[in-house]
Amino acid sequence: MVNTTFDVSKISPLDGMVPPVGGVSLREKSYVGKINLRGNVESGDFGHIVESVLGGFVPTTPNTVVHYGDLTIFWLGPDEWLIHTPEGGQGDLIDRLRAALGDTHSAVTDVSDYFVVIEMRGTDCRDVLARGCSLDFHPRSFVADQCAQSHFSHANVLIHQINDTDFDVQVRWTYAQYLWGFLAEAVENMAA
Amino acid sequence: MSQSYRLESGGKIDRAKPLSFTFNGKSYGGYQGDTLASALIANGVKLVGRSFKYHRPRGFLSAGSDEPNAVVQLEEGAYTDPNTRATVVELYDGLKAASQNCWPSVNHDVGEINSLFARFLPAGFYYKTFMWPPKLWMWYEERIRHAAGMGVSPMESDPDKYENLYTHCDVLIAGGGPAGLAAALTAGRTGARVIIADEQDQMGGALLSSHDEIDGKPAMVWVEETLAELATMPEVRILPRTTVTGYYDYNWLTALEKVTDHKGPGNGGDSVRQRFWKIRAKQVVLATGAIERPLVFAENDRPGIMMASAVRTYINRYGVLPGKEILVFANNDSGYLTAIDAIKAGARVYVADVRANPQGDLVKQAEALGVKIYRNTAITGTRGRKAVTGAEVMELNEDGTDVVGSHYSIDCDIIAMAGGWNPTVHLFSQSRGKLRWDEAATMFVPKEGVAINPSRSVGCCNGTMNLGAVLAEGLGAGVRAARDAGFGDGSAPEAPTATIVAEEPVRAMWEVPCHGHKKKFHEFQNDSTSADLQLATREGMLSVEHTKRYTTTGMGTDQGKTSNVTGLGIMAAAQNRGIPAVGTTTFRPPYTPQAFGAITGQNRRELFEQNRTTSMQPWHESHGAVFEDVGDWKRPWYFPKPGESMHDAVQRECKATRDGVGIMDASTLGKIDIQGPDSLQLLEMLYTNAWAKLGIGRCRYGVMLNEHGMIFDDGVTTRLGENHFHMTTTTGGAARVMGWLEEWLQTEWPDMQVYCTSVTEQWAVATISGPRARALLSELTDIDLDVDSLPFMGMTEGNVAGVPARVYRISFTGEVAFEINVPQAHGLHLWETLMALGEKYDICPYGTETMHVLRAEKGFIIVGQDTDGTCTPMDVGMDWIVSKKKEDFLGKRSFSRSDNIKGNRKELVGLLTEDPKIVLPEGAHIAAETDPKPAMGKYTKAAGHVTSSYMTPNITGPDGEGRSIALAVLRNGQSRHGETITVPLMDGRMVKALVTEPIFFDKEGERTRG
Amino acid sequence: MLTIKCPWCGDRDLTEFAAGGEGHIARPLEPATQSDAEWGDYIYTRKNTKGIHYERWMHAQGCRRWFNAVRDTVSDEFLAFYKTGEPAPKVEGDGS
């Protein structure tokens, strides 16, 4: 038997990053549980099985987001979704999804640490995003609970509009510091 | 110093805000609202620089971004900006500028001696003279460049910040003159998203320099009213000081906004200095105006010889009368606008008009004001060395090809050239729009655009020169562009009335005749004359693109804005064909020069590229790791102890791992989670070996081939469940392999029930390796690590260091090794725990270099280092991994292609140098002959090359100490074990080496399995 | 910069996409029965069309789906976009 008890610690790539001073605040949304879900909603039982576990159908309109309880579900592709759970909630949900799906062709994969989520809050979020991303964030083109995968300068990102002004940006762990640095400088340039 | 050329009143300068500045070290005064050019002219400065080739004295030609002559070095030190056009630099207090291309000073220029030898410096002179002997060209070129230098680049890092900014709009309007403003007004009223950008500090364009009237009021009143209405529209963005510089496909345009340049260096606060806009527009309205053409007459380059419209701008906009006696040289009526404004401002004014008998409204107005007009008259020469002092004029013959009669002289200190107008079609041409030559108007005008770049050209850039028509075109284009973008019904309001004068036609005269050989410049910056173009034609240059390069026409920093069309006219005459037949040169972005900093934006220094690091990075950094770039990643290369060289550190790490336990951060390996009932079928197609019998919890190494049969990645895949696999890839190949799987699944095998998910960053991986690895790991986990429970190539799950983990018994070192995978957030915890508990095992962290050495000892290939895209598994000695039973896998069919079976292939071998201390350079070639020193004039062939080469302490040479080992690819290498080959080195040494099988350590693999 | 219409995500900038070359090249079902010439044709020979070109794209920075497009290689105008597996639409000017 291992005779040591381990003082288990967790880190994030954004630990110690300095938030910018300006019209947009940046903050890490720490340790969100994240599950990548694959399956065919156009035929077979997958859609309804998943619906029974999640409390609602996965979004089928491209680049949209739905919320069921404390779960947020993002469209990533015609057979691919991302589920955000509260911290630590991913393990149980993965087990329940896999159990319910059984032999139904699907893939449920824990990607909680694959990505990091940065919360952008403030009225200038669109202008900050426009300093690295070519998508059109004008309110006529991009609205609350719309999401889009694109690139912000060199980083592949998933951008989610939360409400009229605020955004969350999800990025791969290894690009998080780069993205934070870029966003922070953009915020400060705008404030100058 | 007094501004003796400043008018008592008038102009759009703020006389309450005097500014001081220096030019070539001398102090001058100006006003807020001046440009550097207008302020210098106000102070009587006419000589600002020297021309590129002949170092001839040059002054201001224009008042805008088309300026070829007055390019100056702005500011000093890190802030210095070379090749800046004085005509577009907004004056600020404390500005410092200096002339360029002159030494030791603009007034006493040593290079001017070139001017005396001018007849020996014809077009193509440098090509003709300095190309022989060829090897001296580099020497010549360096000296030519020194003599011909333009400005000086800053040597320090740019202290300013810049940014890129993406935006989208329904209608982008390039140009804020009357046409652009009218378009913005009607487009904006529909609610469409509109951007209007203009290079000047304020909107108005040519109206800023004119006395035109709109609806019976000064035109600037209309401008102000229009701007006031636009300001009420929330979806309209007005961008002054912003030049639309590039027009790319699908209406993607770039624009450079000069945010703080006008405040002077260091005065912009924390703001970015410039902003580079990347604009996607549904519709584009080009309202870019027109640029006046010079007339190509004898000695037309002296300081004081300017564009007529520029003289007018200096008078009306800046309150500066550039000369006391002004001779306007015109071939059309627009020169008379200058004559009228100049005589009203107090100058004595003459007009020489090449037209036989001009009698238009403007001509009559000028005459009535006392302007002396010489009709049917050409300037045939000018006087004055550093500034023009007079001109000779003669009458023209009937067809304008010669001058006749006697010449007479006119004293003047300014000659104002009115040679007609070139619509500014640059952006339209960039958008791949075709031009049409309008013979009557003697101008290129837009003909038709391309479908993917919907745009409308309006106003002067469309050849519409009359203000009323310009406004009507702008208003109409604005609503129609908005309609096509989905806003409004496209109906335009009635255009306001505007100043109208009856104008008579222009008389094209591309080269003004004179007697004798005098230089007639059509391209001022690069000193290209009409004679150069004619010489080029005589020497066989018919293509405009050849002539342009031969004579350097249009290749200056102004990109020939004033010279291109006159040059074409002269070429057409020399070639005896029409201008449309000669063609136009291609207009390329940017329209005006852009700072590299602005294009780069935020993408510099630490944001130049992402540095991907693992969750263990904080430990690596705090323990002195030296990092190596592997793709996007920064990986620990080695961990030197104080005083250790790289060699020392790597030898220590190699030995410690073989003798005890080493630890490496292997988190960067690509990882793909594969799920679905057809996963096995997918693997069978992707890999060369058989997978069906792989048990759950077992791992297998595989190589992936492309369809050419060549290795493109390798890695270990583990069966996690019946239909669930975990694939690893090389660090650099992760994205490529993921893409490869998706491509086959989506495009070729859509019925295969498999999903692949990248999990590279989900897992942090610490690999511990060596005889004491098992003992160490047993202190962190209750997992049964016994060889029977967790054998080589086995995998199990359990808690390690208190964290759920997957432990793979995979080895890239040839030792007992465990790859411990934990969720990334726990990676540092895992590493630190292993280091702490490993202390008593003398655990040794090692980096990529030691990993490379250890695997080379075992002959494990690194894809991309030992292979290069031309290697089959057989070539690298891996016949064993190619299934003979499988009917098909990717690449299999190519094995039997003729080139792959003809033999004589390069095959992987080991090399042991005769001198064990010599480490062969990677990439060194292996000579085909054993005695490769060829006779004079002969060459030896290469039979292969060294792919990996290291010194290792783990394999001993004859002296009992460590020795070098190498891997190489060698023709027919597998049948040449035991032979001695020669590797010639760059320093002349011939290194002999023994060919061996590509494995040097524990050939039976007993250590790995232990 | 090209605008490309992903069949799922709509108009996006070229920088989000990876080009996949000529479309509608099926992997031979039985490679072993292919002659060297046939196999060489499959892996190497491409049309390099001047004009109407049927080609593959992948929305690499977005939904990661492969799809097909018809593009005029002279004007760079896209004439159609369609999902993988859908038949190629006939477009005006297609000489093939």
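The values are calculated or read from the model by the stated rules, or taken from the named source; none is laboratory data. Quantities reported herein were computed from a predicted structural model and do not represent experimental measurements. Here the Cβ positions follow ideal geometry from the backbone for every residue, glycine too, while neighbour counts run over all protein chains shown. For accessibility, only protein heavy atoms count, side chains too; no ligands or nucleic acids. Shrake-Rupley method; radii C 1.70, N 1.55, O 1.52, S 1.80 Å.
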- Message: Regarding the range B:257-280, can at least one residue be identified that is more than 14 Å from chain A (Cβ to nearest Cβ), open to solvent by less than 10 Å² (accessible area, probe 1.4 Å) and of a type in the set (A, V, I, L, M, F, W, C)?
- Response: no
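Please find, within the range B:649-704, the residue that is nearest to the chain's Cα centre (by Cα) out of those that are in a helix (DSSP H, G or I) and β-branched (V, I, T).
Narrowing the range B:649-704 to residues in a helix (DSSP H, G or I): B:649-659, B:679-686.
Those still in the list that are β-branched (V, I, T) too: B:650, B:657.
On the way: B:V650: 40, B:T657: 47 Å.
Among those that are in a helix (DSSP H, G or I) and β-branched (V, I, T), it is B:V650.
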Here the qualifying pairs (Cβ atoms under 7 Å; residues six or more apart or on different chains; first in the range B:614-628 and without any contact (Cβ under 8 Å) to a residue 12 or more places away in the chain; second of a type in the set (V, I, T) and open to solvent by 50 Å² or more (accessible area, probe 1.4 Å)) come out as none
The residue that is most open to solvent (accessible area, probe 1.4 Å), considering only those in the range C:62-75 that are in a loop (DSSP other than H, G, I, E, B) and more than 27 Å from A:G77 (Cα to Cα), is C:V74
Review point. Could you say whether any residue in the range B:231-238 is without any contact (Cβ under 8 Å) to a residue 24 or more places away in the chain and among the small types (G, A, S)?
Key: yes
Considering the range C:12-33, residues that are open to solvent by 20 Å² or more (accessible area, probe 1.4 Å) and in contact with a Gly (Cβ under 9 Å, 6 or more places away or on another chain), and then whichever is farthest from the other protein chains (Cβ to nearest Cβ), we arrive at C:F17
Original post:
Is it the case that some residue within the range A:94-105 is over 25 Å from A:R27 (Cβ atoms), outside the structural domain of A:V157 (by TED's automatic domain parsing), in contact with a Pro (Cβ under 9 Å, 6 or more places away or on another chain) and of a type in the set (D, E, K, R)?
Top reply: yes
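Quick one: is A:A144 touching a strand residue (DSSP E or B) at 6+ places or on another chain (Cβ under 8 Å) and open to solvent by less than 30 Å² (accessible area, probe 1.4 Å)?
Here the answer is no, as A:A144 does not meet what is asked.
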All-but-one check, B:T781 against (1) out of contact with any helix residue (DSSP H, G or I) (no Cβ under 8 Å at 6 or more places or on another chain); (2) facing chain A (nearest Cβ under 10 Å); (3) buried (at least 21 other Cβ atoms within 10 Å of the Cβ); (4) more than 23 Å from B:G733 (Cα to Cα), failing number (3)
Check on B:L790, aliphatic (A, V, I, L, M), within 13 Å of chain A (Cβ to nearest Cβ) and more than 30 Å from C:H24 (Cβ to Cβ)
no
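Considering every residue within the range B:731-751, establish whether at least one is in a strand (DSSP E or B) and out of contact with any Asp or Glu (no Cβ under 6 Å at 6 or more places or on another chain).
Restricting attention to the range B:731-751, the residues satisfying the condition of being in a strand (DSSP E or B) are none.
So far as the range B:731-751 goes, no, none of its residues is in a strand (DSSP E or B) and out of contact with any Asp or Glu (no Cβ under 6 Å at 6 or more places or on another chain).
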Test: residue in the range C:36-50 that is away from chain B (no Cβ under 13 Å), more than 30 Å from B:R897 (Cα to Cα) and open to solvent by 40 Å² or more (accessible area, probe 1.4 Å): yes
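Let's see how each residue does on (1) at pLDDT 95 or above; (2) of a type in the set (S, T, Y); (3) open to solvent by 10 Å² or more (accessible area, probe 1.4 Å); (4) more than 20 Å from B:R385 (Cα to Cα):
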{"position": "B:N300", "(1), (2), (3), (4)": "yes, no, no, no"}
{"position": "B:G304", "(1), (2), (3), (4)": "yes, no, no, no"}
{"position": "B:A308", "(1), (2), (3), (4)": "yes, no, no, yes"}
{"position": "B:G323", "(1), (2), (3), (4)": "yes, no, no, no"}
{"position": "B:I326", "(1), (2), (3), (4)": "yes, no, no, no"}
{"position": "B:N331", "(1), (2), (3), (4)": "yes, no, no, yes"}
{"position": "B:G335", "(1), (2), (3), (4)": "yes, no, no, yes"}
{"position": "B:A345", "(1), (2), (3), (4)": "yes, no, yes, yes"}
{"position": "B:Y350", "(1), (2), (3), (4)": "yes, yes, yes, yes"}
Checked B:E748, B:E644 against criteria (of a type in the set (D, E) and within 25 Å of B:D888 (Cα to Cα)); the one match is B:E748
If we ask which residues in the range B:20-62 are within 26 Å of B:Y550 (Cβ to Cβ) and touching a Leu at 6+ places or on another chain (Cβ under 9 Å), their number turns out to be 4
Reported set for the range B:404-418 where residues are buried (at least 21 other Cβ atoms within 10 Å of the Cβ) and either part of a strand (DSSP E or B) or not assigned by TED's automatic domain parsing to the domain that holds B:A308 (or both) is B:I414, B:I415, B:A416, B:M417, B:A418
All-but-one check, B:D160 against (1) away from chain A (no Cβ under 14 Å); (2) surrounded by fewer than 21 Cβ atoms within 10 Å (Cβ to Cβ), failing number (1)
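Can you pull out the residues in the range B:876-896 that are open to solvent by less than 50 Å² (accessible area, probe 1.4 Å) and touching a helix residue (DSSP H, G or I) at 6+ places or on another chain (Cβ under 9 Å)?
At the first step, the residues of the range B:876-896 found to be open to solvent by less than 50 Å² (accessible area, probe 1.4 Å) are B:876-878, B:881-883, B:886, B:888-891, B:893-895.
If the condition is that a residue be open to solvent by less than 50 Å² (accessible area, probe 1.4 Å) and touching a helix residue (DSSP H, G or I) at 6+ places or on another chain (Cβ under 9 Å), then B:G877, B:V882, B:S883, B:K886, B:D888, B:F889, B:L890, B:R893, B:S894, B:F895 are the ones that fit.
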For helices (runs of 4 or more DSSP H) lying entirely in the range B:445-560, having 2 or more residues that are under 16 Å from B:A573 (Cα atoms) picks out B:530-538, B:544-551
(1) within 14 Å of chain A (Cβ to nearest Cβ); (2) open to solvent by 20 Å² or more (accessible area, probe 1.4 Å); (3) more than 30 Å from A:Y31 (Cα to Cα) all hold for B:T584 apart from (1)
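From the list B:V284, B:V244, which one is surrounded by 22 or more Cβ atoms within 10 Å (Cβ to Cβ), farther than 30 Å from B:L95 by Cα, β-branched (V, I, T) and assigned by TED's automatic domain parsing to the domain that holds B:C460? Give the derivation first.
Values: B:V244 fails: farther than 30 Å from B:L95 by Cα.
Only one candidate passes the filter, namely B:V284.
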Residue hits (the range B:746-766; open to solvent by less than 10 Å² (accessible area, probe 1.4 Å) and more than 11 Å from chain A (Cβ to nearest Cβ)) are B:V765, B:A766
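Could you grab me the full set of residues in the range B:204-219 that are open to solvent by 10 Å² or more (accessible area, probe 1.4 Å) and on the phi < 0 side of the Ramachandran plot? So that I can check it myself, show each step before the final result.
Of the range B:204-219, the ones open to solvent by 10 Å² or more (accessible area, probe 1.4 Å) are B:205-206, B:209-213, B:215-218.
Scanning the range B:204-219 gives B:A206, B:S209, B:S210, B:H211, B:D212, B:E213, B:K217, B:P218.
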Exactly one of B:P593, B:P636 is away from chain A (no Cβ under 14 Å), within 30 Å of A:G132 (Cβ to Cβ) and buried (at least 22 other Cβ atoms within 10 Å of the Cβ), and that residue is B:P636
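In the range B:955-984, what residues are within 24 Å of B:A649 (Cα to Cα), assigned to a strand (DSSP E or B) and open to solvent by less than 30 Å² (accessible area, probe 1.4 Å)?
Residues of the range B:955-984 within 24 Å of B:A649 (Cα to Cα): B:955-967.
With assigned to a strand (DSSP E or B) added as a condition, the list becomes B:955-956, B:962-967.
Scanning the range B:955-984 gives B:I955, B:G962, B:R963, B:S964, B:I965, B:A966, B:L967.
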Per the list (1) assigned to a loop (DSSP other than H, G, I, E, B); (2) modelled with pLDDT of 95 or more, residue check on B:A184 breaks on (1)
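For the range A:56-101, which positions are open to solvent by 40 Å² or more (accessible area, probe 1.4 Å), assigned to a loop (DSSP other than H, G, I, E, B) and over 26 Å from C:P7 (Cβ atoms)? Give the derivation first.
Just the residues of the range A:56-101 that are open to solvent by 40 Å² or more (accessible area, probe 1.4 Å), to begin with: A:57, A:60-62, A:67-70, A:86-88, A:92, A:95-96, A:98-100.
Next cut, assigned to a loop (DSSP other than H, G, I, E, B) only: A:57, A:60-62, A:69-70, A:86-88.
Answer for the range A:56-101, where residues must be open to solvent by 40 Å² or more (accessible area, probe 1.4 Å), assigned to a loop (DSSP other than H, G, I, E, B) and over 26 Å from C:P7 (Cβ atoms): A:G69, A:D70, A:P86, A:E87, A:G88.
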Log entry, pairs with first residue in the range B:985-1010 being open to solvent by 90 Å² or more (accessible area, probe 1.4 Å), second being at pLDDT 90 or above, beta carbons closer than 6 Å, six or more apart or on different chains, reads B:R1009/B:F792
